[in-house]
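Here the structure is laid out as C-alpha cells; the discussion comes afterwards.
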Amino acid sequence: MPNLSRPLLTATILASLVPLTACASGPFGGGATRADTRYVAIDVNTLYNAAHDRLQRGNYVQAAALFEEVERQHPYSVWARRAQLMAAFAYYGASDHTKSVEAARRFLSIHPGNRDAPYALYLIALNHYEQISDVTRDQATTQLALDSLNEVIRRYPDTRYAADARVKVDLVRDHLAGKEMEVGRFYQRRHQWLASVMRFRRVIDEYQTTSHAPEALMRLTESYLALGVPDEARRAAAVLGANYPETQWYQQAYRLIERHAPGGAAAAPAPAASPTG
C-alpha cells in the first residue's frame, strides 16, 4: 500500500525525541548494536543519546537495539518508558514490522493510559497497513490493518492519528472490495455463477461506497442472466443505472439486459450516448 504516513509518523516522533544532553561519544563512536552493550553497564544518558544519534542518522536497527538497552539497563528510569516507544518506531523505520508491533504492544500493556498511547496504537495499525499484499494473495493482514485503524478511530477519535486512520480505512476497504471482485471474476471464468453472485453481492452489501461498486453491479447482472433469473439481473442493472448512470459499467449492463432480458418492472433508462466512466 502507498506509504502515506511516514511524514506524520516521523514528524511526531522526532518532535518528542530530545537528547538528554549533547550527543554522547565514548563507547558508541562506531556502529553500536545490542552486542556492544550486553555485558557493559552504561549510564542512561550515554545510552539514550547514542540511540538518538543512530535514529537521526537513519541507522534504525542500531537505534532500536540501543533504545531497548536503555529499558533493560535502566528499567526504573524516567527514560525507560520513552525508550520503549522509540524502539517501536525504530523497528518500524527498519521495516521490521513484527518487532515494531511487539514493542508497541508492550508499551501499551505497561502504560495503557499514557499520553503516547494513541501514537503506539497508530503505529501498530501502520505496521499492519504497510504489509498489505496485492489482491491475488491472502488478505488476513489487510483485515488486521482495517481492525487496527478502526480501533484508533474508536478510541482516539479527536486525534490527528484518527484523521489519518480514516483516510486509510477507505483505502483498505477499497482493497478488500478488490479482493472480492478478483475472486468473483475467477468464479465467472469457471462458470460458477452462484459463487460469483455471492462475491459480488458482498461488495454491494459491505463495500458499496468503494470504487468497485459499479463493476460489481454489472457483474451481478451478468451472473444473474447466466443463472436464468432475469428479474434479478434487471434489478441489479436498475440499481447501477440509478447510482452510476454515466459509467461504462452501466452501458454494458444495459446492453446485456436489452439483449437477454428486455422489459420488466426493473428496467432502467438507456445510458447516455457517450458515457464518461
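The values are calculated or read from the model by the stated rules, or taken from the named source; none is laboratory data. Everything numeric here is computed off the predicted structure, so don't read it as measured data. Quick reminder, even Gly has a Cβ in these numbers, built from the backbone with ideal geometry, and neighbours come from all protein chains shown. Heavy atoms of the whole protein, side chains included, go into the accessibility calculation; ligands, DNA and RNA do not. Shrake-Rupley method; radii C 1.70, N 1.55, O 1.52, S 1.80 Å.
Spot the failing condition for Thr142; the list is (1) of a type in the set (S, T, N, Q); (2) part of a helix (DSSP H, G or I); (3) surrounded by fewer than 17 Cβ atoms within 10 Å (Cβ to Cβ), and only one is missed.
(3)
Would you confirm whether any residue within the stretch 135-149 is within 10 Å of the chain's Cα centre (by Cα), at negative phi and β-branched (Val, Ile, Thr)?
If we filter the stretch 135-149 for residues that are within 10 Å of the chain's Cα centre (by Cα), which is where we start, we get 141-149.
Next, only the ones that are at negative phi stay: 141-149.
Subsequent filtering for residues that are β-branched (Val, Ile, Thr) retains 141-142.
Yes: the stretch 135-149 contains one or more residues that are within 10 Å of the chain's Cα centre (by Cα), at negative phi and β-branched (Val, Ile, Thr).
Test His260 against the stated conditions and say whether it is at pLDDT below 95 and either in contact with a strand residue (DSSP E or B) (Cβ under 6 Å, 6 or more places away or on another chain) or open to solvent by 60 Å² or more (accessible area, probe 1.4 Å) (or both).
On the way: at pLDDT below 95: yes; either in contact with a strand residue (DSSP E or B) (Cβ under 6 Å, 6 or more places away or on another chain) or open to solvent by 60 Å² or more (accessible area, probe 1.4 Å) (or both): yes.
Judged against the criteria, His260 is a match.
Would you tally the residues in the stretch 195-232 being closer than 22 Å to Arg259 by Cβ and of a type in the set (A, V, I, L, M, F, W, C)?
As a first pass, look at the stretch 195-232 and keep what is closer than 22 Å to Arg259 by Cβ: 196-197, 200, 214-232.
Subset that is of a type in the set (A, V, I, L, M, F, W, C): 197, 200, 216-218, 220, 225-227, 229.
Looking only at that region, the number is 10.
Pull out all pairs, ordered by first then second residue, where Cβ-Cβ is under 8 Å, the residues are six or more apart or on different chains, the first lies in the stretch 190-203 and is within 11 Å of Leu227 (Cα to Cα), and the second is crowded, with 16+ Cβ neighbours inside 10 Å and among the aliphatic types (A, V, I, L, M).
Qualifying pairs under 8 Å: His191/Ala226; Trp193/Ala226; Val197/Leu220.
Assess whether Ile132 counts as being touching a residue at least 24 places away in the same chain (Cβ under 8 Å), in a loop (DSSP other than H, G, I, E, B) and crowded, with 17+ Cβ neighbours inside 10 Å. Explain how you work it out, then say what you get.
Details: touching a residue at least 24 places away in the same chain (Cβ under 8 Å): yes; in a loop (DSSP other than H, G, I, E, B): yes; crowded, with 17+ Cβ neighbours inside 10 Å: yes.
Taking the combined requirement at face value, the residue satisfies it.
Go through the stretch 145-185 and report how many residues are of a type in the set (Asp, Glu), part of a loop (DSSP other than H, G, I, E, B) and surrounded by 17 or more Cβ atoms within 10 Å (Cβ to Cβ).
Of the residues in the stretch 145-185, the ones of a type in the set (Asp, Glu) are 147, 151, 158, 164, 170, 174, 180, 182.
Narrowing further to those that are part of a loop (DSSP other than H, G, I, E, B): 158.
Then drop every residue that is not surrounded by 17 or more Cβ atoms within 10 Å (Cβ to Cβ), which leaves none.
Summing the residues that are of a type in the set (Asp, Glu), part of a loop (DSSP other than H, G, I, E, B) and surrounded by 17 or more Cβ atoms within 10 Å (Cβ to Cβ) in the stretch 145-185 gives 0.
Helices (runs of 4 or more DSSP H) wholly in the stretch 1-106 with at least 3 residues that are at pLDDT 90 or above and surrounded by fewer than 14 Cβ atoms within 10 Å (Cβ to Cβ) - which ones? I'd like the intermediate steps shown before the answer.
Values: elements: 6-16, 34-37, 44-56, 60-73, 78-93.
The helices (runs of 4 or more DSSP H) meeting that bar number zero.
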